Amino acid sequence: MTLTESRVATSRYLEGNFAPVDTEVEAFDLAVRGEIPSELSGRLLRIGPNPVAAPDPASYHWFTGSGMVHGLRLRDGKAQWYRNRFVRSDSVSTARNWPITPGPRHGMGDGTANTNVIGHGGSTFAIVEAGGLPVELSYDLETLRMTNFNETLPGSFTAHPKRDPQTGELHAMVYYFEWDYVQYVVVGTNGLVRKTVNVPVPGKPMMHDCAITESKVVVLDLPVTFNLEAAINGHALPYLWDPEYGARVGLLSRDAVDGNDTVWCELPDLCYVYHPLNAFDLPDGRVVCDVVKHPKMFANDTYGPNEGEPVLARWTVDPATGRVHEEIIDDRGQEFPRHDERLLGREHRFGYGAAFGHGVEHGPALKHDLLKRTTELHEYGEGRVSLEPVFVPRHDDAGEDDGWVMSYVYDATTNSSDVVILNAQDFTGEPVAVVSLPQRVPFGFHGNWVPDEA
Ligand SMILES: [Fe+2]
């Protein structure tokens, strides 16, 4: 037995519904139980890691697998198609003997984009953090090109741009291990970067997401930082828990031209946050930011987000005192917080999420009423768990929770997936519609409803 064979070579991030699917498929006129609302015309897109070649389980990091995008197209009350496609990074193209994807590269990246998929300016983009560029996809999810937004993006991008509902512009915080700053980037509705501001930081933090209000960008400077020793040792994603770094929140005016004008406010304790739910301004200058908060990150499990149950917290950030007041809203394990994005940067009442417990266990979907301080759960049935839920309003002027919550759902009893559409105002009730998919959709990260152009 060789040394390699004798190693304990398992990874929770390659087993069960974390396991990749091998084939690209498409199916048309899918079976539906219930009725798909006729108002829904567009694509429910989703993306996650899906290694194109079997990785070494002992060193596989969940965040680094090749990207695979899944899409369900709805129109006229029908589920017209489902398809899944690899995002054609250089490693994917090489492994499958496909043509190399045109367009620029950044840094050491090979074009892997596996974390979010969005529509912007009439195009579809697979996106990722930590140095990767966006990958433009066709409507049918074929990889077209890698892009730096027509050479207007000076560095790389992020998986979590925030779309201002008033302007349609994307606001993002970007990080890269070679920089001693993080970068605020604004992408116009024309798909070109119109503004960048470098924000100095004392280390090289993993800055997965941000929030915006009507006046400010909320910068999450938290103690997971680039670790040179881990990089030298070949760790797939060398960002580790760094308690000496501290934990703080920055408020930067959206009008700022100098990142040194960021006002930093200390958090009451160390933690890690991937995802804010939303943020908004208070009249007195404070900012409220609801977040899903992990107790730590990449301290014991350095291959995935598995350091105890993440909870929903409300931070009230006070630039006058430099302090942050924290209140735990819901201590159930949860992740992938979403809301009605017509209210992005404005005060919200409702939030949605997916159960996410110890050992990255998935579970039911959640709906929070932040006014009443109540939470409803939608249990999908035995063995059935929700991936990130997405809220879609019934129409442009509908009330905040007047619409649908759509989730890709995994059924462990049949090892299959479907898309479940709930009435957001009858969250615990029977689904409005369930669409059976021809292929399992692995656990992954994010997705969005991208409505067809009017
Ligand atoms: Fe994320």
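The values are calculated or read from the model by the stated rules, or taken from the named source; none is laboratory data. Values in this document were obtained by computation on a predicted structure and should not be read as measured data. Cβ coordinates were reconstructed from backbone atoms using ideal geometry, including for glycine residues, and neighbour counts include every protein chain displayed.
Residue selection: Asn148 fails the criterion of being at pLDDT 95 or above and touching a helix residue (DSSP H, G or I) at 6+ places or on another chain (Cβ under 9 Å). Among the residues that make up segment 437-449, is at least one of them more than 21 Å from Glu361 (Cβ to Cβ), buried (at least 24 other Cβ atoms within 10 Å of the Cβ) and modelled with pLDDT of 95 or more? Within segment 437-449, none of the residues are more than 21 Å from Glu361 (Cβ to Cβ), buried (at least 24 other Cβ atoms within 10 Å of the Cβ) and modelled with pLDDT of 95 or more. Checking each residue in segment 173-209 for being in contact with a His (Cβ under 7 Å, 6 or more places away or on another chain) and within 16 Å of the ligand (Cβ to nearest atom) picks out His208, Asp209.
So that you can scan it fast, the table gives a plain yes or no per residue for (1) part of a loop (DSSP other than H, G, I, E, B); (2) among the basic types (Lys, Arg); (3) under 21 Å from Leu437 (Cα atoms):
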{"residue": "Arg33", "(1), (2), (3)": "no, yes, yes"}
{"residue": "Pro37", "(1), (2), (3)": "yes, no, yes"}
{"residue": "Arg46", "(1), (2), (3)": "no, yes, yes"}
{"residue": "Pro55", "(1), (2), (3)": "yes, no, no"}
{"residue": "Phe63", "(1), (2), (3)": "no, no, no"}
{"residue": "Met68", "(1), (2), (3)": "no, no, yes"}
{"residue": "Gly71", "(1), (2), (3)": "no, no, yes"}
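Taken over segment 238-277, residues that are within 16 Å of the ligand (Cβ to nearest atom) and either touching a Gly at 6+ places or on another chain (Cβ under 7 Å) or at pLDDT below 95 (or both) amount to 1.
Please enumerate the residues belonging to segment 409-446 that are within 16 Å of the ligand (Cβ to nearest atom) and in contact with a Ser or Thr (Cβ under 9 Å, 6 or more places away or on another chain).
Initial filter on segment 409-446 (within 16 Å of the ligand (Cβ to nearest atom)): 442-446.
Within segment 409-446, Pro442, Gly444, Phe445, His446 meet the criteria.
Scan segment 73-90 and report the pairs whose first residue is over 13 Å from Thr23 (Cα atoms) and whose second residue is among the β-branched types (Val, Ile, Thr) and assigned to a strand (DSSP E or B), with Cβ atoms within less than 7 Å and a gap of 6+ or a chain change. As it stands, the answer is Ala79/Val32; Ala79/Val435; Arg88/Thr143, since those pairs meet every condition given.
The residue pairs whose first member lies in segment 275-299 and is within 16 Å of Gln334 (Cβ to Cβ), whose second member is among the basic types (Lys, Arg) and within 14 Å of the ligand (Cβ to nearest atom), and whose beta carbons are closer than 8 Å, counting only pairs six or more residues apart or on different chains, are Leu277/Arg338. Being closer than 17 Å to Thr428 by Cα and either without any contact (Cβ under 8 Å) to a residue 60 or more places away in the chain or of a type in the set (Asp, Glu) (or both) is the filter here; which residues of segment 335-351 pass it? Passing the criteria: none in range. The set of residues in segment 339-349 being buried (at least 21 other Cβ atoms within 10 Å of the Cβ) and either part of a strand (DSSP E or B) or charged (D, E, K, R) (or both) consists of Asp340 alone.
Taking first residues from segment 138-151 that are under 15 Å from Gly122 (Cβ atoms) and partners that are modelled with pLDDT of 95 or more and among the hydroxyl-bearing types (Ser, Thr, Tyr), the Cβ contacts under 6 Å between residues at least 6 apart in sequence or on separate chains come to Leu144/Ser138.
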